[in-house]
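Participant: Next up is a structure, given as structure tokens.
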Amino acid sequence: MTTAIRSFCIFSRMFSRCSMLALALISTGCANINDNLQAAPQNVSPQTELAAELPPYRVQIGDVLEVKMLLNPEFDQEIIVRPDGMISTVLAQNVPAYGKTPLDIEQSLRDAYRKQLSNPQLSIIVKSFTPTRVYVMGEVNSPGEFVSVGPNLTLMQALARAGGVKLTADTAHVTILRRGAADQPQALRANADEAMSGVNPAADVRLAAYDVVYVPRTGVAELNKGFNQYIQQFLPPTFGLSYSLN
């Protein structure tokens, strides 16, 4: 028996043992997943139960607002929230709007209008809503920008939009990059594994507009990448298992 054939036999035995171990682990995991979850109802109501109270809407950049004056209709106008988060009207300049509720903006405009009107009575109507955008990158099948109208996407919804995760994804250590106060970036952690398995449904966190979701590689995948980059390319072409049939 040649050295190549002997090496091939040893490799085959090792591969067989590893395969059996992997199948055992997979079988064990599959047997335990979701066992403790509540069974899904057979009949689903066409209308979901409404929440008792939802958080107030906060104005986004690009929203179109209408200022309605009760006693002074000549000052009615539509305005767009600028990229700097400000709005300007006929009677007020550079009023902060981004991240504010319509009631907050009403109060700010009343305070500004009192400099020229004795009793300003106004209301703010959101005429159109700008779509929200989130970005998914890393170990997903279709990374990119994802636009939605309505409630912001959750973590699981964003991963689904990105075509799901790859086998090399470390979904237990997802990073969310978010722009906070004063546009300062902050890194947040999330565990998509807990949401996927149903162990902790609250782990399916709701994303904020312009969040960047990064799904890293597993440690094994990083090791394989390092091997390919720094070791395998320097090995001679004849390295490995080969044999010939005469």
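Derivation of every value follows stated rules applied to the coordinates shown; laboratory data play no part. What you see is a predicted model, and the numbers here were worked out from it, not measured in a lab. For neighbour counting, all protein chains shown are included, and Cβ atoms are generated from backbone atoms with ideal geometry for every residue, glycine included.
Participant: Note down the net charge around GLY144, summing +1 for each Lys or Arg and -1 for each Asp or Glu among other residues with Cβ under 12 Å from its Cβ.
Facilitator: Once all neighbours under 12 Å are counted, the net charge is +1.
Participant: Follow-up. Along the three principal axes, how long is the range 131-228 when you take its alpha carbons, biggest first, rounded to the nearest angstrom?
Facilitator: Principal-axis extents of the range 131-228 (Cα, largest first): 42, 31, 22 Å.
Participant: Kindly write out, for the range 158-166 in residue order, the coupling ³J(HN,Hα) from the Karplus curve 6.51 cos²θ - 1.76 cosθ + 1.60 (θ = phi - 60°), rounded to whole Hz, with x marking Gly and Pro.
Facilitator: Coupling constants for the range 158-166: 5, 5, 5, 4, 7, x, x, 9, 7 Hz.
Participant: To the nearest 20 Debye, how big is the dipole of the range 131-228 about its Cα centre, given +1 on the beta carbon of each Lys and Arg and -1 on that of each Asp and Glu?
Facilitator: In debye, rounded to 20, the range 131-228 gives about 160.
Participant: When every alpha-carbon pair in the range 72-210 is counted, what percent end up more than 26 Å apart? Numbers along the way, then the final one.
Facilitator: On the way: 4063 of 9591 pairs.
Of all Cα-Cα distances in the range 72-210, 42 percent exceed 26 Å.
Participant: If Lys and Arg each add +1 and Asp and Glu each add -1, what is the summed charge of the other residues whose beta carbon sits under 12 Å from the beta carbon of ALA208?
Facilitator: Local charge sum for ALA208: +4.
Participant: Once fully extended, how much extra length lies between ASN200 and ASP76, figured as 0.36 nm per residue of separation less the alpha-carbon to alpha-carbon distance?
Facilitator: Length gained, ASN200 through ASP76: 39.8 nm.
Participant: Turning to a different aspect of this structure: For ARG133 paired with ARG114, estimate the spin-label separation in nm (one decimal), with each label point 7 Å from Cα along the Cα-to-Cβ line.
Facilitator: 3.9
Participant: Give the distance, in whole Å, between the Cα centre of the range 175-200 and the Cα centre of the range 62-95.
Facilitator: The two parts, judged by their Cα centres, are 34 Å apart.
Participant: If I model the range 64-128 as equal point scatterers sitting on the Cα atoms and use the Debye formula, what is log10 I(q)/I(0) at q = 0.24 Å⁻¹?
Facilitator: Debye curve over Cα of the range 64-128, log10 I(q)/I(0) at q = 0.24 Å⁻¹: -1.05.
Participant: Let me ask another. Quick check: net charge around PRO56, other residues with Cβ under 13 Å of its Cβ, Lys/Arg +1 and Asp/Glu -1?
Facilitator: -1
Participant: Can you compute 3J(HN,Hα) from phi for each residue in the range 59-71, using the Karplus curve 6.51 cos²θ - 1.76 cosθ + 1.60 with θ = phi - 60°, rounded to whole Hz and x for Gly and Pro?
Facilitator: After applying 6.51 cos²θ - 1.76 cosθ + 1.60, I find 5, 10, 5, x, 5, 9, 10, 10, 9, 10, 9, 6, 9 Hz.
Participant: Loop-only trypsin sites (Lys or Arg not before Pro) in the range 81-151, please: DSSP not H, G, I, E or B, and at most 15 other Cβ atoms within 10 Å.
Facilitator: Loop-located and lightly packed - ARG114, LYS115.
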